[in-house]
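Encoded as structure tokens, the structure appears first; notes follow it.
The values are calculated or read from the model by the stated rules, or taken from the named source; none is laboratory data. Computed from a prediction, not measured in an experiment: that's the story for all the values here. With ideal geometry, Cβ positions are generated from the backbone for all residues, glycine too; neighbour counts draw on all protein chains shown. Protein only, heavy atoms only, side chains kept; ligands, DNA and RNA dropped before computing areas. Shrake-Rupley method; radii C 1.70, N 1.55, O 1.52, S 1.80 Å.
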Amino acid sequence: MITVIIVTAENAAYLRQTLVALSRIARPCPFKLLVVHNSDDQATRDVVGELKNRLPLHYMHEPRRGKNWGCNAAIPHIEGDLAVFTDDDVVPARDWLVRLYETAATKPDYDIFGGRIVPLWPRPPEPWLLESVPITIVFGISPDDWAEGPSEPWKMWGGNVAFRTRIFAAGHRFNTSVGPDGTATYVMGSETEFVERLAKAGHRCWYVPSAVVQHIIREEQFDRDWILRRAFRYGRFEGR
């Protein structure tokens with residue numbers, strides 16, 4: 001069995017796209033989907049209620065605001081040998097879980113597997129954006145030149161990363177002072193910080209470019225002010 005974890009907060013329209021896409025993916029084995037609601041909006045509950053019969057979906061509520069609070073709340077409910085974390089605004093490829101599962105099965109000496117994240121643009125980006133902005137960091141997109149194989153921990157990104165569950169059985173947890181928390185100034189890099197700690201403890205990473213999810217880019221994310229706010233949060237992560 002595989003457990004897929006999504007922590008969501010006030011993002012119902014995009015969450016719906018993600019859940020619909022998950023309902024259509026190929027399943028290499030039985031999988032369990034944990035949706036951790038990290039807010040109190042009714043729209044999220046409505047989406048979960050609409051789609052719960054199309055997926056092996058288990059709904060949880062974590063009132064403490066912060067994505068990593070939600071990730072930690074999900075851990076006791078994980079089943080199987082592989083826990084896959086993704087976001088509430090992605091569209092996974094049909095063979096996404098198959099690729100992660102098959103790679104983990106053939107790489108027993110590795111505990112962390114990061115897949116590829118590609119953009120799902122609302123429209124073609126303007127030239128200034130492609131020329132002036134590091135779009136991989138700003139939009140959470142994997143560079144095209146990352147090849148399959150052993151990987152540095154910073155290449156494991158939260159929208160598409162899997163962990164062997166023995167990591168959590170050993171007591172490792174996400175840092176709740178890092179990551180999205182409903183404020184505009186949170187410290188970015190919640191999963192990166194976690195993976196870097198795991199790497200220091202001896203856990204090895206493998207990059208799987210064939211395991212693909214599309215990250216839904218929103219129209220408002222083309223705005224310069226949004227990009228500058230993102231840069232500020234990324235700077236806080238680098239400084240930390």
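Taken together, the criteria exclude Gly115 from residues that are open to solvent by less than 40 Å² (accessible area, probe 1.4 Å) and modelled with pLDDT under 95.
Taken over segment 207-240, the criterion of being closer than 13 Å to Ile117 by Cβ and not in a strand (DSSP E or B) is satisfied by Ile217 alone. Is one or more of the residues making up segment 55-64 touching an Asp or Glu at 6+ places or on another chain (Cβ under 9 Å), assigned to a helix (DSSP H, G or I), more than 24 Å from Asp111 (Cα to Cα) and free of Cβ contacts under 8 Å to residues at least 40 places away in the same chain? No, that holds for no residue.
One line per residue, one yes/no per condition, for (1) surrounded by fewer than 20 Cβ atoms within 10 Å (Cβ to Cβ); (2) closer than 25 Å to Gly49 by Cβ:
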site: Met60; (1), (2): yes, yes
site: His77; (1), (2): yes, yes
site: Ala83; (1), (2): no, yes
site: Asp87; (1), (2): no, yes
site: Asp95; (1), (2): yes, no
site: Ala105; (1), (2): yes, no
site: Tyr110; (1), (2): yes, no
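With respect to Pro30, determine if the residue is open to solvent by 10 Å² or more (accessible area, probe 1.4 Å) and free of Cβ contacts under 8 Å to residues at least 60 places away in the same chain. So Pro30 passes the test. For Leu198, the conditions (1) modelled with pLDDT of 95 or more; (2) under 28 Å from Pro124 (Cα atoms) are fulfilled apart from (2).
Note on segment 66-88: residues that are farther than 19 Å from Pro209 by Cα and within 13 Å of the chain's Cα centre (by Cα) amount to 5. Only one of the listed residues (Arg24, Arg45) is open to solvent by 90 Å² or more (accessible area, probe 1.4 Å), out of contact with any helix residue (DSSP H, G or I) (no Cβ under 6 Å at 6 or more places or on another chain) and over 21 Å from Tyr186 (Cα atoms). That residue is Arg24. If you filter segment 154-210 down to residues that are under 27 Å from Asp40 (Cβ atoms), aliphatic (A, V, I, L, M) and more than 14 Å from the chain's Cα centre (by Cα), you find that the one that is most open to solvent (accessible area, probe 1.4 Å) is Ala184.
Results for (1) aliphatic (A, V, I, L, M); (2) farther than 30 Å from Ala26 by Cβ, shown as yes or no for each residue.
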{"site": "Ala105", "(1), (2)": "yes, no"}
{"site": "Asp109", "(1), (2)": "no, no"}
{"site": "Phe113", "(1), (2)": "no, no"}
{"site": "Leu130", "(1), (2)": "yes, yes"}
{"site": "Asp145", "(1), (2)": "no, no"}
{"site": "Tyr186", "(1), (2)": "no, yes"}
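Pairing residues of segment 174-188 that are on the phi > 0 side of the Ramachandran plot with residues that are assigned to a loop (DSSP other than H, G, I, E, B), at Cβ distances under 6 Å and at least 6 apart in sequence or on separate chains, gives Gly182/Arg65.
In this structure, does Arg65 turn out to be touching a Gly at 6+ places or on another chain (Cβ under 8 Å), open to solvent by 30 Å² or more (accessible area, probe 1.4 Å) and closer than 26 Å to Gly179 by Cα? Yes.
Yes/no matrix, rows are residues, columns are (1) acidic (Asp, Glu); (2) assigned to a strand (DSSP E or B):
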| position | (1), (2) |
| --- | --- |
| Ile5 | no, yes |
| Glu10 | yes, no |
| Gln17 | no, no |
| Ala21 | no, no |
| Ile25 | no, no |
| Cys29 | no, no |
| Leu34 | no, yes |
| Val48 | no, no |
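Scan segment 216-230 and give yes if some residue there is open to solvent by 40 Å² or more (accessible area, probe 1.4 Å), among the hydrophobic types (A, V, I, L, M, F, W, C) and touching a residue at least 24 places away in the same chain (Cβ under 8 Å), otherwise no. So far as segment 216-230 goes, no, none of its residues is open to solvent by 40 Å² or more (accessible area, probe 1.4 Å), among the hydrophobic types (A, V, I, L, M, F, W, C) and touching a residue at least 24 places away in the same chain (Cβ under 8 Å). Note on segment 217-240: among residues that are of a type outside the set (Phe, Trp, Tyr) and in contact with a Ser or Thr (Cβ under 8 Å, 6 or more places away or on another chain), the one that is farthest from Gly140 (Cα to Cα) is Arg236.
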